[in-house]
Amino acid sequence: MSQESFVIDLRALARDGRLVQGEVPVTRLGRLAGSVLEPSGTVVFSFQGERDDEGKLHVDLQIQGDLVLQCQRCLEAMVWSCNVQNRLLLLRSGEELPENELENDAVDALEVEPLTDLLALVEDEVLLALPLVPRHDDCEPPVKAGVDEETSPF
């Protein structure tokens, strides 16, 4: 699939049970590129459509990629593996969320227009998944070079 054709009708994809997959360079996702330390690598995604027994339209979204973030403890680069799996219930614009879905944490509702930009949706999902305070599992805070440690009175 060419990079220009990522605007599709998600409802039709779900109705027909189709699969769309692709990958996009991080540099092409402007907001995400501005949120990472190094906008390198690619993000791989897939959208699998489905109509359930009740006729509701769903899309199972999967996104994977390694992003370079800045560790907030040592301030060095760290690779964070993004792995998003989300089930979306597709609603028409202005359609109310069904009562029985309000309690269901396994499914997110998404109002969709006739045409949806998949790359914008992928970017939104990755931005929501980014850690609030990225940190290595094991690292030390930076130490000022050539400065004697001062004893704190506290």
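Annotations
- Take each peptide in 118-126, 30-38, count the other Cβ atoms within 10 Å of every residue, and average; sorted highest first, the result is 118-126, 30-38.
- In loop segments of the stretch 36-94 as defined by DSSP, the GluC sites (Glu not before Pro) with at most 11 further C-beta atoms inside 10 Å of their C-beta are GLU54, GLU76.
- Kirkwood hydrodynamic radius of the stretch 1-141, from inverse mean 1/r over distinct Cα pairs, in Å: 16.4 Å
Computed from the coordinates by the stated procedures, all read-outs in this text should not be read as laboratory data. Note that the structure is predicted; figures quoted are calculated from it, not measured. In this analysis, Cβ positions are derived from the backbone assuming ideal geometry, glycine residues included, and neighbour counts consider all displayed protein chains.
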